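What follows is a short report on a single structure.
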Amino acid sequence: MASDDVLTEGEIDALMESVDENTSADDSADDGQFRRFDFSAREQSLLREFVALGPLVERHADMLGTALENSFSIEFLVRAETPELVTVADAIASLEPSVAVTTTSLSPLAGPAFCISPSGLLSFAVNAYFGGGGAPQENTRTSLTPTELRLAERIAEFQIASIVESWREKLPLEAGELGTMGVPDRLEMLPSSDILLSLVFSLSVGEFSSSVNLLLPFASLEPYRARFAPPRKKDEPSDGQSWEPFFRRELPGIELDLAGVLATQSIALSDLLELEAGAVIPLKSTEEVILKIENVTLAEGRYGSFDGKKAVQVQTLASSLLPATN
């Protein structure tokens, strides 16, 4: 079931009016327990088929660490965080008060890519590289020095070179010119609802820790989804073999459209004919979901999340939902 076929944000708000929004921190923990689903995180399911991203970002992290050590003589421990999808608005809101934003292009991806370096990291690198000594004090600045901006662009060069090399076999990329500013103006020019692929790399050395972020336009990456998907095994029967073992093996893998019906509403034909743009059809809030395949009821359950993914907890199977026949 495609994520853009489920609900709009407005429909979600209407359905969730009666849901308690005061969820504790424990409720968001990924402990394998069934819990109420947070629809605001539904975009993450779009990454399900990008299985190859995990190994690629690990390789990216190794190459980035080597580049930083060779250039600045600083042995950062670089660790790749789990790739996430974020809106432009959320990406901007997560920025520290003072950051360097390097903008470039990565053909064939349409749209700009952004390398984010926080001022604390740049200050530490300047001190360590030029002999300023030690980690910087708490930074409340809202601007960066020319030296820090040049250093940020150098780190961005390492970021771009690392992704070009690590993605070479999956999707050859060609980087454009880099431009670095101490303000996120170019990022703020994008529509706030646009989705970005966020690749975060944590950096640590001694007691100091920070991170750098690479933001890519996800819409231009989706056409290449198949390149990041796991390989499909080809297993066809040879001449003279019975087809039965082949079908028994292959039929369970056939994909079907599974629909989750959250709410229904009866409406008179006269009211239907009077509908126009802007009309509102009230729906009752419910926690029950009817699961259907090709419009045939499969089960009833509750919607929520499981292991950080959207889920429906099945409560009643179709055999007990259908009326008994004599």
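The values are calculated or read from the model by the stated rules, or taken from the named source; none is laboratory data. Owing to the predicted nature of the structure, the values given are computational and were not obtained by experimental measurement. When we count neighbours, we look across all protein chains shown, and the Cβ atoms used for this are built from the backbone with ideal geometry, even at glycine. What goes into the accessible areas is simple: the full protein's heavy atoms, side chains included, and nothing from ligands, DNA or RNA. Shrake-Rupley method; radii C 1.70, N 1.55, O 1.52, S 1.80 Å.
A few comments on the model shown:
- Qualifying residue in the range 307-314 (condition: over 32 Å from the mean Cα position of the chain (by Cα), exposed (fewer than 13 other Cβ atoms within 10 Å of the Cβ), at pLDDT below 85 and not β-branched (Val, Ile, Thr)): no
- Selection status of THR147, modelled with pLDDT under 95, open to solvent by 10 Å² or more (accessible area, probe 1.4 Å), more than 20 Å from PHE72 (Cβ to Cβ) and of a type in the set (Ser, Thr, Tyr): no
- One residue stands out among those in the range 171-190 that are open to solvent by less than 70 Å² (accessible area, probe 1.4 Å) and within 23 Å of the chain's Cα centre (by Cα): the one that is nearest to PRO231 (Cα to Cα), which is LEU171.
- Taking the criterion of being under 23 Å from ALA161 (Cα atoms) and loosely packed, with under 15 Cβ neighbours inside 10 Å, the only residue of the range 191-215 that qualifies is SER204.
Residue-wise test of (1) loosely packed, with under 14 Cβ neighbours inside 10 Å; (2) part of a helix (DSSP H, G or I); (3) at pLDDT below 80.
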position	(1), (2), (3)
GLY32	yes, no, yes
ALA41	no, yes, yes
PRO55	yes, yes, no
ARG59	no, yes, no
VAL78	no, no, no
VAL86	no, no, no
ALA110	yes, no, no
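- Selection status of SER220, modelled with pLDDT of 80 or more, in a loop (DSSP other than H, G, I, E, B) and surrounded by 10 or more Cβ atoms within 10 Å (Cβ to Cβ): yes
- Residue list for the range 153-194, restricted to those being assigned to a strand (DSSP E or B) and touching a helix residue (DSSP H, G or I) at 6+ places or on another chain (Cβ under 6 Å): ALA175, THR180
- For the range 61-76, a residue qualifies if it is open to solvent by 80 Å² or more (accessible area, probe 1.4 Å) and of a type in the set (S, T, N, Q), and the qualifying residues are ASN70, SER73.
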